[in-house]
Amino acid sequence: MLPSTAKRLVAALAAVMPVSANNPIGWNDFWDDGGKRAAMAAVPMYHFGRPRGSAPCYPEDAEYNGVQVDGVSHLIGGVYCDIGNLNLGCRWPGEWTGRNSPGAPFPVYYTIRECNGRVRVAYSIYFKKDAGHKSDWENVIVEWNGDGRGGWIRESIFLGQHSYWEKMAWGSIQNTVDGEGDKYDQDAKNRDHPKVYVGAFKHATFHTRKTGIDSCAFADQDEFRSNDWQILPWSDLVKNGQVIKDGWQWGQADTNPATLRGSLCSKSG
């Protein structure tokens, strides 16, 4: 038995040491109940920024009762990429009360496929427009691998960025969380849910913030993204992507739950 002073030292160290989880899930979690448990196990925590104090276009439902939601023109308001009109025609993100304001709820559509001995779970969110075109889908892919003990752990992430993917090891993601209790922690590695930051103009997804440039003209790796609003989606918001039908057309937003059903395994970073 440890002496009382040693016990106190162990407890103190445990209190200050960073938590590392990447909790494993079971094989059946990918397939039972449409894979809902696996989808919930790594659903991203989303963040949205307000360049120059302007609300961005914000995600919303892509369908209602089996009917496709139509997008709006990116030229609504009459000016291309007008920072004051980014939210025009889109859902309001919610009241802004400062950094990490609670974001309005929106659905996250998931798609699951087994790919060469690993399993990929794609998370897709829909916007009625981005700064360049009507209708927009943005995607994050979590890749799972066996842990050698019968479980499955998060191995890597793919972040959708303007027709290509940024891939990184799970342990390299700048910020991860385990749930509501630690979602404001920063620099925590290898937990269960990635913090992702959505670009304010063209909605690319990143694992870091960047606020130095707030112009649409630089909407690539320098795209403005911050944590003015945040949401860690709960169960009712995480929906099987099968509700997005194959025949629906989304214009230039051609990476969506319907197309991912056939192409998810081919994505590479």
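Below are the figures for this structure:
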item: Residues TYR109, TYR58, TYR164 arranged by fewest to most Cβ contacts within 10 Å; result: TYR164, TYR58, TYR109
item: Local electrostatic count at PHE106 - Lys and Arg +1, Asp and Glu -1, tallied over other residues with Cβ under 10 Å; result: -1
item: Whole-Hz ³J(HN,Hα) from phi, Karplus 6.51 cos²θ - 1.76 cosθ + 1.60, for the range 194-201, glycine and proline x; result: x, 7, 10, 10, 9, x, 6, 9
item: Ranked ILE153, ILE244, criterion: other C-beta atoms within 10 Å, fewest first; result: ILE153, ILE244
item: Which listed pairs, of LYS183/LYS245; LYS36/LYS128; LYS128/LYS167; LYS36/LYS210; LYS195/LYS267, have C-alpha distances above 23 Å, in listed order; result: LYS183/LYS245; LYS36/LYS128; LYS128/LYS167; LYS36/LYS210
item: Highest average packing first - 182-195, 116-129, Cβ atoms within 10 Å; result: 116-129, 182-195
item: Cα long-axis angle, helix 4-16 against the chain (0 to 90 degrees, to the nearest 10); result: 10
item: Normalised contact order of the chain, rounded percent, pairs of Cα under 8 Å and 6 or more residues apart; result: 26
item: Ranked ASP178, ASP254, criterion: other C-beta atoms within 10 Å, fewest first; result: ASP254, ASP178
item: Other-chain or far-sequence residues with amide H under 5 Å of VAL238's (modelled H); result: VAL108
item: Long-range HN-HN contacts of SER156 with modeled amide H, under 5 Å; result: GLU143, TRP170
item: Prolate/oblate/rounded call for the range 31-88, Cα gyration tensor, a/c under 1.5 rounded; result: oblate
item: Net charge dipole size for the chain [Lys, Arg +1 and Asp, Glu -1 on Cβ; Debye, nearest 20]; result: 480
item: Per-selection Rg to Rh, the chain - Cα, Kirkwood hydrodynamic radius; result: 1.00
item: Global geometry of the range 69-161, whether rounded, prolate or oblate, following the gyration tensor of its Cα atoms and the 1.5 cut on a/c; result: prolate
item: Protection proxy ranking of 220-233, 139-152 - average other beta-carbon atoms within 10 Å, highest first; result: 220-233, 139-152
item: Selected from ASN116, GLY247, GLY71, residue furthest toward positive end of dipole (the range 21-260; charges at beta carbon); result: ASN116
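Computed from the coordinates by the stated procedures, all read-outs in this text should not be read as laboratory data. Just so we're clear, the structure is a prediction, and the values are computed from it rather than from any experiment. Positions of Cβ are backbone-derived with ideal geometry, glycine not excepted, and every protein chain shown enters the neighbour counts.
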